[in-house]
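Derivation of every value follows stated rules applied to the coordinates shown; laboratory data play no part. Treat the numbers as computed from the prediction; the structure is a model and nothing was measured. Please note: Cβ atoms are built from the backbone with ideal geometry, for glycine as well, and neighbour counts cover all protein chains shown.
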Amino acid sequence: MPSELADPTSPANHQTPAGPSAPPASALLRQRARSEDSLALRLAAANRALWTATQALMTAFMQSTAPAHRYLLARRIARNFETLSGQDCFDASCRASFARLATRWQVRSEQFSPHPARRPRLFELLP
């Protein structure tokens, strides 16, 4: 096709001294929106994987009889629920449930702690 017949307004024919021009801003915005959607989808998939892994940890906790293992598993489960409670891909009620579960598993881990919390002595309680 001769260069006289080519569309001079097409992006392919628009040359600058440095080479072809950059795509228009709207194309960049569409590309950014697609990458943000892709990021949101990957984050949601990672959160689902964390939820599935947490369920597996709860199963391991129930099957374990060793207090040290149960302590470590409960701590990990509590941290996972704490992470899940802060993720925006879940609705507010689901995040609240995760926060309650994080608290519950933290208390459970303290029950198996090798260093139990020290109880205050009677004289320490008096003013």
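Here the 3J(HN,Hα) profile of the stretch 42-57, calculated from phi with Karplus coefficients 6.51, -1.76 and 1.60 at θ = phi - 60°, is 5, 5, 4, 5, 5, 5, 5, 5, 5, 5, 5, 5, 5, 4, 5, 5 Hz, Gly and Pro shown as x. Couplings for the stretch 81-93, taken from phi via the Karplus curve 6.51 cos²θ - 1.76 cosθ + 1.60 with θ = phi - 60°, read 5, 5, 5, 5, 5, x, 8, 6, 6, 9, 6, 4, 5 Hz in order; Gly and Pro are left as x. Electrostatic bookkeeping for Ser85 treats Lys and Arg as +1 and Asp and Glu as -1; over the other residues with beta carbon under 10 Å from its beta carbon, the sum is +1. Sort the stretch 24-114 into rounded, prolate or oblate with this rule: let a ≥ b ≥ c be the square roots of the eigenvalues of the Cα gyration tensor; rounded if a/c is under 1.5, and if a/c is not under 1.5, prolate when a/b is larger than b/c, oblate otherwise. It is prolate, given that a/c is not under 1.5 and a/b is the larger ratio.
Look at the alpha carbon pairs under 8 Å that are at least 6 residues apart: their mean separation over the length of the stretch 24-114 gives a relative contact order of 28 percent.
Say R0 is 35 Å: what FRET efficiency, to the nearest 0.05, do His115 and Leu43 get from their beta-carbon distance? List each step's numbers first, then the result.
Values: r = 36 Å, r/R0 = 1.03.
Efficiency for this residue pair is about 0.45.
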